[in-house]
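The values are calculated or read from the model by the stated rules, or taken from the named source; none is laboratory data. If you're wondering where the values come from, they're calculated on a predicted model, not measured in any experiment. FYI the Cβ positions are ideal-geometry reconstructions off the backbone, even for glycines, and counts take in every protein chain you see.
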Amino acid sequence: MIVLVLSVVGGLWAAAKLLRIYLLMYGKRPRLRELVRALRAR
């Protein structure tokens, strides 16, 4: 149960960071390197 909760929270966190990057880069497609860099950034 704890693993499920942690994975949901982690998935939401990653989705929020990726959505933020996508919205900031409106009009151009983000590259894989940029997505990984965004996920690693605090």
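Quick rundown of the values:
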quantity: Positions within region 18-34 being surrounded by 10 or more Cβ atoms within 10 Å (Cβ to Cβ) and either touching a residue at least 24 places away in the same chain (Cβ under 8 Å) or not charged (D, E, K, R) (or both), in sequence order; calculated: Leu18, Leu19, Ile21, Tyr22, Met25, Pro30
quantity: Residue within region 13-25 that is outside any helix (DSSP H, G or I) and modelled with pLDDT under 80 present; calculated: yes
